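Nothing in this text is a laboratory measurement; each read-out follows from the coordinates by a stated rule. On a predicted model such as this, the values are computed, not experimentally measured, just so you know. Cβ atoms come from the backbone with ideal geometry, glycine included; neighbour counts cover every protein chain shown.
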Amino acid sequence: MAKRIVVFVFGLGLLGWVIYAFWSIVDVNPKESYLSYFGKEDQNIIAIHHPNDFQLGEMGVNCNANNLKLYASLQAKLPKPNTVYLSASRNFIVISLSEKWNFSKIRMVFQNGIFPFEKTGPNTFTFGRYLGKFKGNQLALSYYDLTLAKETNVEWKVDPQASFSIVFLSKDLEVRDVYVKSEKRITYSTLQSRKKNLSPLVDDRSCFGEFIPSAAARYTFFEKKYLSYTDEIFAKSPLFGIVKTGIVLFEFNQKKILLFDLKDENELVPYLNDYFHLKEENQERSDFPLFKICEMLSSDLEGSENTDTTFSVASLNGMGFLATKSSDLDAVLLELEMRKSIATDLKKYDWLNENLPQKVSYRHTRQGKAESIGWINNQFFGIKVEKSGLEKADEETNNAKSYFTMNPGEAVVSYCALSGRGNVVIECQKNIYGYKNGSQKWKKPIEEALLFPPTVLATKNAEQENIALHFPTEIQVIDKMGRETFSITSNYFLPLESCVLQNKPALICTKKSELVLISGENGKVIRRISMPEEIEEIFPGELNGKAVCGILTKSKCYLVDLTNGKRTALKVERSQCLGFTESGQCLLKGPKGMQLMDGKQTIDAQVTVDWQYVGDFTLKGETGQLFQYQNSLACLVNGKVRWKKTYSTQEISAVHILKTFNQISTLAMLDALENKVYLLDTYGKEIDMEERPGQREVQISPFGNNGCSITTYLSQFLIQYNQ
């Protein structure tokens, strides 16, 4: 029994000694810690835990040069693991080990170092101008003329698993733990706030992702209360009273756009009209004089070189948008209409995350860098992720756009698309505008509206395209830069057509009973072709390499050879004639359906007369005809159906055919009910699944050797997609 008691007592004693030894070796009493000598006069503390993770010059913070020099000389000799605390301003260092210091370790580290070493007491020594002392697992080094005074208990903690840490000893204590990996650097920070936050954190991706284009860059989100705390100007801004959750600043096409959700189902324009005491207008969009939003955002939006004097604002589905140019808003709203938002782009949705929390008070993301802050109670918790090996310049998804928006500032009446990318001539009520590469290049005032839309003259050389403007009293022919080539007096009542005669452009003009061919180069009359009756319709085309024109009068059908003026009356009933194809064939109502007549023979077409002729079509080197009926298209060669497709559209409102230089046909198909444009290949198959909003009309024009441009209306302006 006595032996058991002795063993038990011995065990308790041994356990107590182990506990005592552990605490005496591992750490020093916080009240006696040398870390308590650090104070505000040190400005910052740099705590180095794993120096092999990084280069000392890459810490991104200023540090006392003497301290860095001393640390660099000691680093390799220090027992591992260790943490070395360096003052940013004073000549003061604390070295903490996972075990106790003793003079055996001291000599191993300091003897034969860069300075002379001398022991001066049981736990003190000198090392050059530095005085050293140690206690437990801590060692302090300071210049001999530096007076160390304990500040207070150590109120900050760093993570020894980090590569290094930075403690900012400012009014609001901040601690940053930095983890350096081969491919990235991650920083976790805590900062004391002077005010307690009661607002919840925000899942900004879910809240705003649907309204941010997937090609956006430099994304920054501010929760409303966080922004008003960090920037007092925002609390006085006109937007403060209408913002519900927060605001987002992003770049799109290298332009700054502000986005925010609206409180209490308010409309943005009426709210700002009321705020500025302006005339009430029930509009979704308007312009307002520049006003302060908050310090950081106003400077970003206005810019040091910006000469704009207004903000353009718009609202959509409970969201407000703001930019310095209306065209910048057009581009963003168009992208959203095409459903190209971050919410539909998984890769870009994850780009906003970048190892950050889902709910935050602040988030900033750009190429190679992402950071967030969460304001919880009276502390800010921050995370920053910086990828290595990336260029400083933004990537940022500012790739070449696959479309152009063209907004001349007044409603578009009509247009014609030229060859190339972003080249369009636009008719508005007061002006004709010319666009090149998507940018407005010229403007031509007009006193009267055009009778018919601008017409691109047929040519063998796309670089020498001219445009005919058909006014009520004259026809003007201009080049692509809006310069007048010639003008002629006009009393022509049908839309202008054009053809190529002897490799030169020509206008086909129609008087009551006369066809007039006019040179597209100088306006001189080439030929007049008289008809026995008044002309009702004309159909220019090409037959056997010659320019021809089908003509319908009240009682006859004619085919005219434009090269010599010879006309041929077709032996068909006028009531049976539906028109002519681009290859000079006459379309007839046959006893069983549609028929095609080329003067020599008449063949049955495998479609009924309900089908409408769209245009000639090239399929595997053969010329055929494209027909449309309701939601179906059919391609016929020699009257036989090569393919027929029915599409799941609301309707087929318009189809336009492009024959490229390599003789491959491409189709642009518009569904005006669903406001969608589809791009189809030679066999009527969708070329891609790209969202292309469109309205009213569609034109397709060549772009390079194999590309195409699709131009259509969108609201009051035009958009051109490039493929």
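Before moving on, here are some points about what is shown:
- Under the span-like rule (Cα at least 20 Å along the axis, Kyte-Doolittle mean at least 0.5), DSSP H helices of the chain: 2-26
- Counted residue by residue at 0.36 nm each, then reduced by the alpha carbon distance between them, the extension gain from Q429 to Q601 reaches 57.1 nm.
- Per-residue Karplus couplings for region 470-476, computed as 6.51 cos²θ - 1.76 cosθ + 1.60 with θ equal to phi - 60°, are listed in order as 9, 8, x, 10, 7, 10, 10 Hz, Gly and Pro entered as x.
- Here, region 193-380 is characterised by an Rg to Rh ratio of 0.95, where Rg is the alpha-carbon radius of gyration and Rh the Kirkwood radius.
- Candidate aspartates and glutamates for bridging to K589, where Cα separation is under 12 Å - those fewer than 8 sequence places away on the same chain excluded: E573, D604, D610
- Basic side chains Lys and Arg get +1 at the Cβ, acidic Asp and Glu get -1 at the Cβ, and with that the dipole of region 28-180 about its Cα centre reaches some 580 debye.
- Taking each residue as 0.36 nm, the span from D264 to Q576 lengthens on full extension beyond its C-alpha to C-alpha distance by 105.9 nm.
- Dimensionless Rg/Rh of region 28-180 - Kirkwood Rh, Rg from C-alpha atoms: 0.93
- 222 nm mean residue ellipticity, helices alone, for the chain (DSSP H n ≥ 4; -39,500 (n - 2.57); rounded to 500): -3500 deg cm²/dmol
- When Rg and the Kirkwood Rh are both derived from Cα coordinates, the Rg/Rh ratio for the chain amounts to 1.21.
- Label-zone membership for region 100-131, site S73, 7 angstrom Cα→C-beta point, backbone N under 14 Å: 109-118, 126-131
- Length-normalised contact order for region 28-180 - Cα pairs under 8 Å, 6+ apart - percent: 31
- Positive contributions from Lys and Arg (+1) and negative ones from Asp and Glu (-1), summed over other residues with Cβ under 15 Å from the Cβ of S653, come out at -1.
- FRET efficiency estimate (nearest 0.05) - Cβ-Cβ, K171 to Y683, R0 60 angstrom: 0.25
- Each label was represented as a point 7 Å from its Cα along the Cα-to-Cβ direction; for K195 and N437 these points are 4.9 nm apart.
- The convex hull defined by the C-alpha atoms of region 201-254 has an orientation-averaged projected area of 4.3 nm².
- Formal net charge of residues neighbouring V158 (Cβ-Cβ distance under 11 Å; K, R +1; D, E -1): 0
- Maximal additional length on extending the E32-I526 stretch stands at 167.1 nm, based on 0.36 nm per residue less the C-alpha distance.
- Proximal charge balance of D616 [Cβ under 11 Å; K/R count +1, D/E count -1]: -2
- When only Cα pairs below 8 angstrom with a gap of at least 6 residues are kept, the chain shows a relative contact order of 7 percent.
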